[in-house]
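One structure is given below, encoded as structure tokens.
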């Protein structure tokens, strides 16, 4: 391998301890393939001793012929037993992987309280378990659980645990900050001490309970660790594991370590988003490096500066990690945000042009009334295309009506929608779990005859905000809607004095945008492709 | 002040640069009050030169008599002009706050590219702007924009910018990692150099683009910075600002700095969650220290260990930051906030009592289903009074029906409500500007004959959140409502698979609470008396 830092991905094992994360064997295979394309060096696939799903994964992953080294996870042998007869250790060997990681106690307090055995027995458990793996010709890594807490409490014992693994033949000593409570300066100091005491390859495994997992990993690498354990998007128990999506670019682009080839580093954003889709976990919009807002600019001064030189407000070139610059439009922004958006759409925009100025004034006026386009790219695109004469709506709304009724425990919403397509009136009725769902269903029904692909469009997020513009005569309601189609997802906005009417406006925009996507090739797709087949959409609003 | 680290909160200014965050003047006042209770030392309220909303905030915040020092934000004077005539600087002085922060360039590249002026003129802009603030007797802080990038490019010029601020009379030099691209070791080294060169109080302002904002802040404090700028929950542009919810406990509990009194630190979780509700931004379940999963343990080895000693898998005692342990398999008591709430209400609460335990379990179950009582004190009070047999509802709901219709520009909502008061059926119909307003009006009409004082109750805020509990079969909608009466205001919550039904439940709770207030003397009034006469209420939802 060409790198001098080895990336050990445990998304499929420690990552699945995160709340709300549950992966099938199929999901795990998809993720393993994606991780392999990214170029991580080790993929920890699971714990064959703990469940059948992981055994199935290790069987099926062989046919993928991955470049990454697959590793299985388990614990040191049970107390007062023999490694050769330990069911979990045997399953690790049977899984047929070339490498294994065993977790074992390094904190004397844990030996007493959690393991309830003697300090000597724990050392024997470590040494004998590693000797067993090495007799089975596996690469063997010792995850020294709670190493830093253990070291702070009893440094001699923590080091003795490492030495037991070394004596057993372990190839790597991986120092774990299991509870995530250690500070970066402590990590650096302790890793240095370990390097000095034991001449061994060192790994680092941190958790994010103090929002320091990335910093602690970098501190350990700075002190001599050469293996980094972490997960994509920082998935993991409690506050998560160290986030490889931040660690990899920090090591490579900021600290000049060799980690991944440049063309693979540029797959990072896509990898992060793909895995978040498979795991069905919303990615925070502001996630460093790979988030949708990581290179998004809102403030007017910032936008005018990045138009001159993007280095003014971007710490790296976003394309290095496969991300891209985005310009948000908001009340805080100047005109430059809108201009750059229109230019991206290929519209004939020109700041010296009277028409462009009128359009800008119109958008400013809408924002003043309470529209917010920064989270509604699709509505802004429709607005701009319409203003520049680049869009003809595929349908016209004539009227709608929606009713919600409750009698005892029975609740029902029903909507009636009347639209017009090329002079032909279409009149539909539908029920829903909520009034917005009923309207959405009735409108989809009205459009589906002419545009059958509209069936694949679902409402996937819905936000309501009462806005209180001080100089407006009455407060308004702003509704933001996210919709997902076969290939992508998009956001629209509606504003009205009536919450149902604002919702309706956002839905109408969403369907207009969906139909525009079917017509136009170069339509902007604000978000990445999603697995539309997994969505059933929101039906309760 | 008793602390040796000063916390400078910029949630209301830099935090609002975050994507999807938009705060009204009312929202800002609520947040300021909450921040003041937490005990931050400075609250940056906004930029009076940029918009009318911030001017309104600074006018209205005076009546809250906060302990924290309010600060206004702006830029150094425009190039080739005079500070005394700078409209934005004048607005800062006019805002009447005791302190101000001015951002000014410290990176020569930015002076050339973004500011397009000479290096000398930029230094004059800095010095003269601070001299102006000091002539107006304000505490003055220099936010040295891009200080670390500037220092790495041209250390002499970056230091000259600091010196210009010092010469102008600035009280603080705040070193900003504006683009968030600096590594912790660089931060430590550069802060040390600044401390050595300029004998001045130093502040630190970091961004999270490398997932290092917290670590960089700690590194700066370790190197001598004594003011920390950040936001609650790390809100801010792109990947966010430094997260005070992690920094404060790290400094205080891990690094032994004096930051907040212990009883105020224990308000941290509540503060973070409250502000996320006001900002209407989902809090990540795994957010360090304050997230719902920060001290959550899945079944198995971890749970059996924490049952023996929670220190085995918890880096701090969660109650220190007002959070609590969650065990995802079995119920553990410890809802001290609910117990104390019940005690305040004079209810016969006793943790050893079987009935109290049942009530706690019931509330836990409701929270599991998606209720959230943190921002709905009035609903919690009703629930507790009902459970302890201390409340008889003043009315019963039999049914409701609501219709919304649009034809061309004419939109109308109409609601029919059937209730029962002491066996007497009351049946009313009302129009509204939105379906919720129509329901609210119809219910008020039904109650008004018997309880005429109900006329003074208005709906004053309304929030909808689609929640996606992973183990629930279907997503639900949570509606939070704020109502205001003659003397006070209160918050209620409704949860349902239908947004109208959730809204209805929150309104019904609100009127129940209003009627309870009329009956009871010692009823809890969660919020301070509002200027009820100013409210006409929300009618549009």
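The values are calculated or read from the model by the stated rules, or taken from the named source; none is laboratory data. These figures come from a predicted structure and were not determined experimentally. With ideal geometry, Cβ positions are generated from the backbone for all residues, glycine too; neighbour counts draw on all protein chains shown.
A few remarks follow.
- Enumeration of residues in the range B:212-227 that are under 24 Å from the mean Cα position of the chain (by Cα) and over 20 Å from residue B:43 (Cα atoms): B:212, B:215, B:216, B:218
- Looking across the range A:110-133, the residues that are within 14 Å of another protein chain (Cβ to nearest Cβ) and in contact with a strand residue (DSSP E or B) (Cβ under 8 Å, 6 or more places away or on another chain) come down to A:110, A:111, A:114, A:115.
- Selection status of residue B:291, away from chain A (no Cβ under 11 Å), farther than 12 Å from residue A:179 by Cβ and modelled with pLDDT of 90 or more: no
- Test: residue in the range B:114-134 that is under 28 Å from residue A:315 (Cα atoms), free of Cβ contacts under 8 Å to residues at least 12 places away in the same chain and surrounded by 15 or more Cβ atoms within 10 Å (Cβ to Cβ): yes
- All positions within the range A:492-503 that are touching a residue at least 60 places away in the same chain (Cβ under 8 Å) and facing chain B (nearest Cβ under 10 Å): A:500, A:503
- Options B:74, B:49: the member that is in the same structural domain as residue B:120 (by TED's automatic domain parsing), touching a strand residue (DSSP E or B) at 6+ places or on another chain (Cβ under 7 Å) and in a strand (DSSP E or B): B:74
- Filtered residues of the range B:98-143 (kept if touching a helix residue (DSSP H, G or I) at 6+ places or on another chain (Cβ under 9 Å), within 19 Å of residue B:62 (Cα to Cα) and assigned to a loop (DSSP other than H, G, I, E, B)): B:136, B:138
- Flag if residue B:257 is in a loop (DSSP other than H, G, I, E, B), in contact with a helix residue (DSSP H, G or I) (Cβ under 7 Å, 6 or more places away or on another chain) and within 11 Å of chain A (Cβ to nearest Cβ): no
- Residues of the range A:272-315 that turn out to be over 9 Å from the mean Cα position of the chain (by Cα), buried (at least 23 other Cβ atoms within 10 Å of the Cβ) and within 19 Å of residue A:252 (Cβ to Cβ), as a count: 5
- Residue list for the range B:239-269, restricted to those being over 18 Å from residue B:294 (Cα atoms) and in contact with a strand residue (DSSP E or B) (Cβ under 6 Å, 6 or more places away or on another chain): B:241, B:242
- Being closer than 30 Å to residue B:437 by Cβ and at pLDDT below 80 holds for only one residue in B:334, B:370, and it is B:370.
- Residue in the range B:85-97 that is at pLDDT 95 or above, assigned to a loop (DSSP other than H, G, I, E, B) and under 23 Å from residue B:158 (Cα atoms) present: no
- The criterion of being in a loop (DSSP other than H, G, I, E, B) and at pLDDT below 95 holds for residue B:299.
- Residue, modelled with the lowest pLDDT, within the range A:308-322, restricted to residues that are part of a helix (DSSP H, G or I) and within 7 Å of chain B (Cβ to nearest Cβ): A:308
- Candidates B:416, B:397, B:436, B:429, filtered to the one that is in contact with a strand residue (DSSP E or B) (Cβ under 8 Å, 6 or more places away or on another chain) and buried (at least 24 other Cβ atoms within 10 Å of the Cβ): B:436
- Residue in the range B:445-466 that is nearest to the other protein chains (Cβ to nearest Cβ), counting only those that are assigned to a helix (DSSP H, G or I) and touching a residue at least 12 places away in the same chain (Cβ under 8 Å): B:446
Residues checked against (1) closer than 20 Å to residue B:188 by Cβ; (2) more than 7 Å from chain A (Cβ to nearest Cβ):
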| residue | (1), (2) |
| --- | --- |
| B:217 | yes, yes |
| B:232 | no, yes |
| B:236 | no, yes |
| B:243 | yes, no |
| B:250 | yes, no |
| B:263 | no, yes |
| B:286 | no, no |
| B:306 | no, yes |
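- Only a single item in (1) at positive phi; (2) facing chain A (nearest Cβ under 10 Å) is not met by residue B:346, and it is number (2).
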